[in-house]
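Beneath this line is the structure, given in structure tokens, with notes to follow.
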Amino acid sequence: MFKRLRADIEAAKRNDPAARNKFEIWLTYSGVHALSWHRWANFLYRAHLKLLARLTSQFAKFLTGIEIHPAAKIEGGVFIDHGAGVVIGETAEVKSGVVIYQGVTLGGTGKEKGKRHPTIEKDVIISAGAKVLGGFTVGEGAKIGAGAVVLKEVPPHATVVGVPARVVRIRGEKPDLLQEKVDPNAEEIRALKCRVHKLEAALEKLTGESFACTQEEIFPVAAGPQPAAAESAGQGGEEKNREEADRQ
Ligand SMILES: CC(C)(COP(=O)(O)OP(=O)(O)OC[C@H]1O[C@@H](n2cnc3c(N)ncnc32)[C@H](O)[C@@H]1OP(=O)(O)O)[C@@H](O)C(=O)NCCC(=O)NCCS
């Protein structure tokens, strides 16, 4: 219990630039208080003293403005900043290093049974007012933007924003840029080119003919009329005009 309290205080010190010292954090941070109350409530819950556990969690909510169901699994080293309006549901799991800001809900959609609250992997940031609803996983190191409503799994190290939340960055890069780097059409073309080269080499061996294509064969439309042909057509036209003028 004390080990986890120490980890919670260290997490607050690490994540809050306004935090001055550990003693002040222990005395004044409602997120740290809520987590300490939760450890006790969770102990009572696991000891099958469910009513007492519920009473403890409601008392903690009255003191801190943070409601955590006694059955929720929260590791040490989680930081709940400011705290007011945070709700963490019964089957939610929160791993160490997670930062949760005010107004966050780790809830259910109301349509699921059993595991209906999210699992938040290590080092995730859940910004102010974000709602994470459902029994899916938010991958390690992900960032959830302020006010986002997350309804499906979030990949590790992704940033998701908006309602409903969509991925706007993965490890700080735009996902469409990533897509360009692994463009499936380009990959297909590369595979086809490779096969064509191999077939050409085999045919050249058999027939002794070269199968290299000219520019005109590759781009028949773009090549257009050949400059020499166009020139000769122009010269022919001029000669005809001169002959007609002579006759007149
Ligand atoms: C999500 C957040 C953590 C930033 O993550 P990030 O990975 O650094 O993302 P970026 O700042 O590069 O933003 C990525 C894109 O999302 C947009 N974006 C960022 N936060 C957003 C939000 N909350 N809602 C909608 N769009 C948002 C950005 O404008 C940017 O858009 P672009 O792709 O058009 O350029 C941050 O924006 C956020 O919401 N912080 C709030 C923290 C908080 O709750 N503080 C309270 C302290 S009391």
(request) Could you please tell me which pairs satisfy a Cβ distance under 7 Å, a separation of 6+ or placement on different chains, a first residue in segment 174-192 that is under 30 Å from Lys143 (Cβ atoms), and a second residue that is surrounded by 10 or more Cβ atoms within 10 Å (Cβ to Cβ) and at pLDDT 75 or above? (result) Pro175/Val167; Leu178/Ile170
(message) Between Gly145, Gly172, which is near the ligand (Cβ under 10 Å from one of its atoms) and loosely packed, with under 11 Cβ neighbours inside 10 Å?
(response) Gly172
(message) Let me spell it out: the conditions are (1) at pLDDT below 95; (2) surrounded by fewer than 18 Cβ atoms within 10 Å (Cβ to Cβ), and Lys61 meets all of them except one. Which number is the exception?
(response) (1)
(request) Kindly indicate which of Gly31, Gly97, Gly85 is within 30 Å of the chain's Cα centre (by Cα), surrounded by fewer than 17 Cβ atoms within 10 Å (Cβ to Cβ) and assigned by TED's automatic domain parsing to the domain that holds Val149. (result) Gly85
(request) Have a look at Pro164, Pro175 and point out the one that is at pLDDT below 90, assigned by TED's automatic domain parsing to the domain that holds Ala130 and either under 30 Å from Val124 (Cβ atoms) or out of contact with any helix residue (DSSP H, G or I) (no Cβ under 9 Å at 6 or more places or on another chain) (or both). (result) Pro175
(request) Name, by its number, the condition in (1) of a type outside the set (A, V, I, L, M); (2) in contact (Cβ under 8 Å) with a residue 12 or more places away in the chain; (3) surrounded by fewer than 16 Cβ atoms within 10 Å (Cβ to Cβ) that does not hold for Gly139. (result) (3)
(request) For residues that are crowded, with 16+ Cβ neighbours inside 10 Å and over 8 Å from the mean Cα position of the chain (by Cα), scanning just segment 155-169, find the one that is nearest to the ligand (Cβ to nearest atom). (result) Val161
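The values are calculated or read from the model by the stated rules, or taken from the named source; none is laboratory data. Please read all numbers here as calculations on a predicted model, not as lab measurements. When we count neighbours, we look across all protein chains shown, and the Cβ atoms used for this are built from the backbone with ideal geometry, even at glycine.
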